[in-house]
Amino acid sequence: MVYYTGDIHGSKYEVVRFCKRMKLTAADTVVILGDVGANYSLDVRDRELKSAFSHLKPTIFCIHGNHEIRPANISTYITKEWNGGTVWYESEFPNILFAKDGDIYTLEGINYLVIGGAYSVDKFYRIIRGYGWWEDEQPSDETKVYVERQIAEKRFDVILSHTCPFKYEPTEVFLPMIDQSTVDASTEHWLDQIEESVEYKAWFCGHWHVNKRIDRMHFLFHGFESAEQFMSLSKKESL
C-alpha cells in the first residue's frame, strides 16, 4: 500500500510510529511531501533521520521541499530508474528515495506526477542567521518545461507536490509576521495553470503545515492517508 504524509522537518517519530503501528512491510511505500529534513544540515542530524528510516521496512519516497538541498547537488547521491522514473538515493540508505520533479512513477497501478519545490517565506531569516537556504528551492524554468511536456504527452492519476496551486492557498495559516506582498508565489501561480490543464483523481501537498481537504486537493502535515481510497474509487467506476 502507498501512504502519504506531509512535512516532517527532520523529525522521525511520527513516520516511525506509523510504520510500526501499521506493521508496514517492504511492499509498502510512504510518501513524504517535501521538507523531509534528511538533506538540510549535512551533519549528524541528517544522518540520524536517515539511519532511523533505514531500519524501517517500507520505501520512503520523498518529494523535494524548500527546506532541503536537492540530492542532485550532494556528492553521496546516485540515481537509478524506479517504477518508471528517476530517483536519487545513497547506497547506505537504499530505501530512502528522492523523486525527480516532472517524472511519473507507477505504484500499485496508480501513476503519480511529482512536482516539488516552493518559496521559503523564512528565506531572509535563515540567511541572516547562517541557516541553510538554497537558490534552487523552486522549480527551474527547465523543470517547468519538462513538467508541461510530461502532462501533454503522458497519463497520470495523482499529483504529488510540495506546495499547492495559488487558488487553493490556505490563507488562514499565513504567518502574521510575513508581509505577503514580499512572498514569491510564482510557483503557486504556475501550478494554477497546471491544475487547470489536467485531469486527475487527487492532488497531495505539504508545505502549509495544515491538514485539510478542498475537493480533490489534500493538504497533509501530521496526518496520513492511503491509496486505498483510489482502489475504492476504481471499483465504483467499473460498476
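Restrict the search to the range 21-109; then list the GluC sites (Glu not before Pro) that DSSP places in a loop and that have at most 12 other Cβ atoms within 10 Å of their Cβ.
GLU92
If neighbour count is taken as other Cβ atoms inside 10 Å, put SER75, SER91 in order from fewest to most.
SER75, SER91
By how many nm would the segment from LYS80 to VAL16 grow when fully extended, if each residue of separation counts as 0.36 nm and the alpha-carbon distance is taken off?
Answer, rounded to one decimal: 20.5 nm.
How large is the dipole of the range 2-238 about the Cα centre if only Lys and Arg carry +1 and Asp and Glu carry -1, each at its Cβ, rounded to the nearest 20 debye?
Magnitude of the dipole: close to 960 debye.
Considering only LEU220, THR29, ILE69, whose Cα is most displaced toward the positive end of the charge dipole of the chain, charges sitting on Cβ of Lys, Arg (+1) and Asp, Glu (-1)?
THR29
Quote the charge dipole size of the range 1-130 about the Cα centre in Debye, to the nearest 20; the model charges only the Cβ of Lys and Arg (+1) and of Asp and Glu (-1).
Result for the range 1-130 is approximately 340 debye, rounded to the nearest 20.
At what distance in nm do the modelled label points of ILE178 and LEU42 sit from each other, each positioned 7 Å from its Cα along Cα→Cβ?
Result: 2.5 nm between the two label points.
In terms of the Cα gyration tensor, with a ≥ b ≥ c the square roots of its eigenvalues, is the range 134-239 rounded because a/c is under 1.5, prolate because a/b exceeds b/c, or oblate?
oblate
Please say if the range 2-238 is rounded, prolate or oblate, where rounded means a/c under 1.5 for a ≥ b ≥ c the square roots of the C-alpha gyration tensor eigenvalues, and otherwise the choice is prolate for a/b larger than b/c and oblate otherwise?
Judged from the Cα gyration tensor, the range 2-238 comes out rounded (a/c under 1.5).
Mean-square fluctuation check for the chain, GNM, Cα pairs under 10 Å: which of ALA118, ALA72, ALA99 is largest?
With Cα springs under 10 Å in the chain, the top fluctuation among ALA118, ALA72, ALA99 is at ALA72.
Would you kindly state the longest site-free stretch of the chain, with sites defined as trypsin sites (Lys or Arg not before Pro) in a DSSP loop (not H, G, I, E, B) surrounded by at most 15 other Cβ atoms within 10 Å?
Within the chain, the longest run free of exposed trypsin sites (Lys or Arg not before Pro) spans 24-128.
Can you give me the Cα centroid spacing of the range 46-102 and the range 1-31 in angstrom?
Each part reduced to its Cα centre gives a spacing of 14 Å.
I want to verify a result. In a Gaussian network model of the chain, Cα cutoff 10 Å, which of these has the top mean-square fluctuation: LEU160, LEU33, LEU49?
Looking only at LEU160, LEU33, LEU49, the largest GNM fluctuation is found for LEU49.
Using the Cα gyration tensor of the range 20-160, with a ≥ b ≥ c the square roots of its eigenvalues, what is the shape: rounded (a/c below 1.5), prolate (a/b larger than b/c) or oblate (neither)?
It is oblate, given that a/c is not under 1.5 and a/b is not larger than b/c.
Based on other C-beta atoms within 10 Å, arrange SER120, SER140, SER161 from fewest to most.
Listing SER120, SER140, SER161 from fewest to most nearby Cβ atoms yields SER140, SER120, SER161.
Run the paramagnetic zone check for PHE224: 7 angstrom along Cα to Cβ, then residues of the range 26-54 with backbone nitrogen under 11 Å.
Inside the label zone: 29-31.
For the chain, what is the mean residue ellipticity at 222 nm derived from helices alone (per DSSP H run of n ≥ 4: -39500 (n - 2.57); sum divided by total residues; nearest 500 deg cm²/dmol)?
That calculation yields -7500 deg cm²/dmol at 222 nm.
Readers should treat all values here as calculations from the given coordinates under stated rules, not as data from a laboratory. The structure displayed is predicted, hence computed values, not measured ones. Note that each Cβ is placed from the backbone with ideal geometry, even for glycine, and that neighbours are counted across all protein chains shown.
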